[in-house]
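The next block holds one structure in the form of C-alpha cells; read it before the comments.
We did not get these values from a lab; they are worked out from the coordinates using the rules stated. As the structure is a computational prediction, the values presented were derived from the model and not from experiment. Cβ: placed from backbone, ideal geometry, glycine included. Neighbour counts: every protein chain shown.
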Amino acid sequence: MIAVVQRVLTASVSINNIKKSEINDLGLLIFLCITKKDSKKDAETLYNKITNFRIFSDNRKNMNLSIKDIKGSVMIVSQFTLCGNVNSGRRPSFENAAKPLEAKKLYNNFISMFEKANLNVKTGKFGANMNVNLTNNGPITFYFNTNNDEK
C-alpha cells in the first residue's frame, strides 16, 4: 500500500465542479494507492504508521505531535497512479494496481480505521475523476510504502 501524506491547512475534493468534501483545519491529506500485493494487514500497518507519525508542531515548534494528538482532520483520496511504473516507454504501466473491487474494499477498510479513531474524516470518491485543492502546511509531505521491496 502506498500513501503520499501531506500536512495541510485545508483540502477539498470536487467532482464535476461540485464540492464533495472538505477539511478546513490542520490535518492530513492522504493520497492512497492499493497494489495487488496489499491486504488488511497492510492497511492496518499504514494506518498505525500515519496516525502515530509525529509531523505536527508542539509549543516549541518541534514535530512531536501526531494527528491523533492534535485531533486533526483527515482527507483520504484514492490514487492508483501512485503505483504506476514509469521506468520504460512513454506511458505508465499500472500492472501493480489492485483490481478495482479489491482496492475499493481495502480503501473503505482504511477509511473506517480513521473514523473509529474519532478523527474528522472526509474522502474523495473511489474511481472518480476528482479535482483536489489543498493548502500544504510547511510544505510537509511524506511517502509511505508497506511493500518494503518497492521503496
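So what's the angle, to the nearest 10 degrees on a 0 to 90 scale, between helix 100-116 and the longest Cα principal axis of the chain?
On a 0 to 90 degree scale, this one is about 10.
Kindly express, to the nearest 10 degrees and within the range 0 to 90, the angle between helix 40-52's C-alpha long axis and the longest C-alpha principal axis of the chain.
Tilt relative to the chain: about 30 degrees.
Run the numbers for LYS104 and ASN136: contour at 0.36 nm per residue of separation, minus the present Cα-Cα distance, in nm.
Taking LYS104 through ASN136 to full extension adds about 8.9 nm, to one decimal.
Cβ neighbours within 10 Å, averaged per peptide: list 37-43, 75-81 in order, most packed at the top.
75-81, 37-43
Going through the cross-link list LYS36/LYS125; LYS19/LYS61; LYS19/LYS71; LYS71/LYS105, which pairs have a Cα-Cα distance over 30 Å in this structure? Display every interim value, and only then the final one.
Values: LYS36/LYS125 20 Å; LYS19/LYS61 33 Å; LYS19/LYS71 24 Å; LYS71/LYS105 26 Å.
Result: LYS19/LYS61 exceed 30 Å.
Ranked highest first by the average count of other Cβ atoms within 10 Å around their residues, in what order do 8-15, 128-135 fall? Show your work: numbers first, answer last.
On the way: 8-15: 19.5, 128-135: 13.5.
Ranked by mean Cβ neighbours within 10 Å, highest first: 8-15, 128-135.
For LYS122, list the aspartates and glutamates whose Cα falls under 14 Å from its own Cα; do not include residues on the same chain fewer than 8 positions away.
Within the straight-line cut-off, LYS122 pairs with GLU22, ASP25.
Express in whole angstrom the spacing between the alpha-carbon centres of segment 99-129 and segment 1-60.
One Cα centre to the other: 10 Å.
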